[in-house]
Every structure is written in C-alpha cells, then in structure tokens.
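Trainee: Below are the structure tokens for one structure; questions will follow.
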Amino acid sequence: MYSMEMKSGTQVRFKLSSVVCPDRQQIVENITNHLNLTGKVVQLSDAGEKQDFYAIVHVDGINNPLIVPTGEIEICSSPPEDGALM
C-alpha cells in the first residue's frame with residue numbers, strides 16, 4: 001500500500017523480483033552499461049589515493065562484490081567518523 005496517489009511521472013522504487021513482465025532473465029540480458037548502481041565500498045586497493053586503482057564494492061541484490069576503478073566512483077555519502085552517531 002502506498003501513502004500518496006500514484007500518477008504518471010511519479011518516481012517509484014521496487015525490487016527486480018516484483019517485475020511480472022518481462023522475466024528477470026530478459027531484464028538482465030538487456031541491462032546496458034548506463035545502469036547506475038549504488039553500493040558500499042568494502043575495501044580499497046590503495047586507500048583511494050590514485051584514480052587508476054580499484055575499490056571492491058558491495059551492491060545489495062548482487063551476490064558478488066564488484067571491482068570498480070576509483071576514478072569511476074561518485075561519492076554519495078561518507079561513512080561516519082569513529083564514535084559518530086548514525
């Protein structure tokens with residue numbers, strides 16, 4: 001159940017498993033390299049100091065971690081400092 005009236009142009013979010021048609025395999029086969037993903041950096045190969053090194057990123061819904069060049073990552077938010085409240 002949603003709390004506001006849904007109409008054309010309403011931005012929504014849903015899980016891949018909720019899609020009825022096409023089936024998931026067809027969706028996966030048609031994903032382009034323009035799909036934006038959001039995840040959490042698990043480890044950096046060089047503490048992120050050089051753009052030609054890599055980050056290991058966990059993305060919810062993808063079973064394997066992804067390796068991404070640090071120069072290709074846009075920071076959305078930083079982790080809290082030690083002792084900071086979340």
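Trainee: Taking segment 7-30 on its own, how many of its residues are outside any helix (DSSP H, G or I) and either surrounded by 10 or more Cβ atoms within 10 Å (Cβ to Cβ) or among the charged types (D, E, K, R) (or both)?
Mentor: Final tally of qualifying residues: 6.
Trainee: Among all residue pairs at least 6 apart or on different chains, which show Cβ distances below 6 Å where the first residue, located in segment 54-65, is free of Cβ contacts under 8 Å to residues at least 40 places away in the same chain and surrounded by 14 or more Cβ atoms within 10 Å (Cβ to Cβ) and the second is in a loop (DSSP other than H, G, I, E, B) and among the polar types (S, T, N, Q)?
Mentor: TYR54/SER45
Trainee: Scanning segment 66-76 for residues that are surrounded by 14 or more Cβ atoms within 10 Å (Cβ to Cβ) and β-branched (Val, Ile, Thr), which turns out modelled with the lowest pLDDT?
Mentor: Ranking the candidates gives THR70 first.
The values are calculated or read from the model by the stated rules, or taken from the named source; none is laboratory data. Small disclaimer: the values here were computed from a predicted structure and weren't measured. Here Cβ is always computed from backbone atoms with ideal geometry, including for glycine, and neighbour counts include all displayed protein chains.
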